[in-house]
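As structure tokens, the structure follows; a few thoughts come after it.
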Amino acid sequence: MLVSTRVLGYGPAMMAKTPEQPTTHFGFRDVPEAEKESLVREVFDSVASRYDLMNDLMSLGVHRLWKNAMIDWLRPRADMTLVDVGGGTGDIAFKFLEHGGGPVTVVDINAEMLERGRDRGILDGITWVNGDAEKLPIDDMSADAFTIAFCIRNVTHIENALAEARRVLKPGGRFLCLEFSHVTAPMLAKLYDTYSFNVLPVLGARVAGDREAYQYLAESIRRFPDQQTFADMIAGAGLASVKVRNLSGGIAALHSAWRV
Ligand SMILES: C[S@@+](CC[C@H](N)C(=O)[O-])C[C@H]1O[C@@H](n2cnc3c(N)ncnc32)[C@H](O)[C@@H]1O
């Protein structure tokens, strides 16, 4: 039922809700909270096989520089364990290992994305786990570092994911989030909007065979809190020394914090 609702473009059946049902956003639409997770899973089911190719095409490879910036800021060490949430096809995990990091657990809600990651062939040092950012199947205070790249925007209750990040980190552990954010220069913002809403969905349709998935991407970015609001949410979850670095004029941002 859910699948046909998405394909049909979120018909009235989906929008029907009783007043007591809490709602949230899925792109620009309001949906019952209980449905968002399945809708997100469907998006990544649909694009998994073309996900890596699409990242390179739509960012002209720049996503690799942003991920490198995340790893550079993290400064991996052989004795550092990492939990990478929403790790998908493993980009962050692979880079962490390449830069000398220790064992990584990649957690993702989507089995298809994890499968694609495993197919990339680097298996030593990585445990792939199907799980939800809001209820991580990870022990308390067990990780030296927690990363989440381009995932938290998709999570239904961002506060729960941040609370989970704090829970699984050891005292002294490092939190790093890479996410699309809010463009700081008005001229760039205009160009970026044109690109996001005119080019991206067409590319998604042609390359990944799913226009709506990339329309959702553009919309979900606009619904995500700006740099300062998200920094305040991280601090609100009990993480300390929150710092922000804008990447490519705020198209993406890195948020760093520590569990003390
Ligand atoms: C845009 S991809 C990012 C993948 C990878 N981190 C990267 O940067 O290439 C977002 C990933 O987050 C996962 N995801 C979405 N919601 C999630 C949740 N609640 N818990 C865990 N993973 C989730 C999706 O399945 C998808 O693999």
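Here, each number is a calculation from the coordinates, and none is a lab measurement. Worth saying up front: this structure is predicted, and the values here are computed from it rather than measured. Cβ coordinates were reconstructed from backbone atoms using ideal geometry, including for glycine residues, and neighbour counts include every protein chain displayed.
Based on the alpha-carbon gyration tensor of segment 83-187 and its eigenvalue square roots a ≥ b ≥ c, which shape applies: rounded if a/c is under 1.5, prolate if not and a/b is larger than b/c, or oblate?
Numbers: a/c = 1.42, a/b = 1.18, b/c = 1.21.
Verdict is rounded for segment 83-187.
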TODO: Express in % the proportion of alpha carbon pairs of segment 16-69 at distances exceeding 12 Å.
DONE: 72 percent
Task: Reachable aspartates and glutamates from K135, criterion Cα separation under 18 angstrom, eight or more residues apart if same chain - done: E33, E35, E37, D84, D108, E159, E164
- [ ] Among DSSP beta bridges lying fully in the chain, give the percent that are antiparallel, nearest 5.
- [x] 50 percent
TODO: Compare S142, S59, S181 in a GNM of the chain, Cα atoms joined below 10 Å, and give the one with the largest fluctuation.
DONE: S59
TODO: In whole Å, largest first, what are the principal axis extents of the Cα atoms in segment 195-249?
DONE: 43, 22, 15
TODO: Grab the beta carbon distance between Q21 and A78, set R0 = 51 Å, and tell me the FRET efficiency rounded to 0.05.
DONE: 0.55
TODO: With a bin width of 5 angstrom, please list the P(r) values of the chain as percents of all Cα-Cα pairs, from the 0 bin to the one holding the largest distance.
DONE: 1, 6, 13, 18, 20, 18, 13, 8, 3, 1, 0
- [ ] Determine the sum of side-chain charges near W73: Lys and Arg each +1, Asp and Glu each -1, restricted to other residues whose C-beta is under 10 angstrom from that of W73.
- [x] +3
Task: FRET efficiency, 1/(1 + (r/R0)^6) with R0 25 Å, evaluated for L57 and N246 via beta carbons - done: 0.60
Open item on the list: Once you place label points 7 Å from the Cα toward the Cβ at A205 and A163, how far apart are they in nm?
Closed with: 4.2 nm
- [ ] Using just the helices of the chain, give the 222 nm mean residue ellipticity in deg cm²/dmol: DSSP H runs with n ≥ 4 each add -39,500 (n - 2.57), and the total is spread over all residues, rounded to 500.
- [x] -12000 deg cm²/dmol
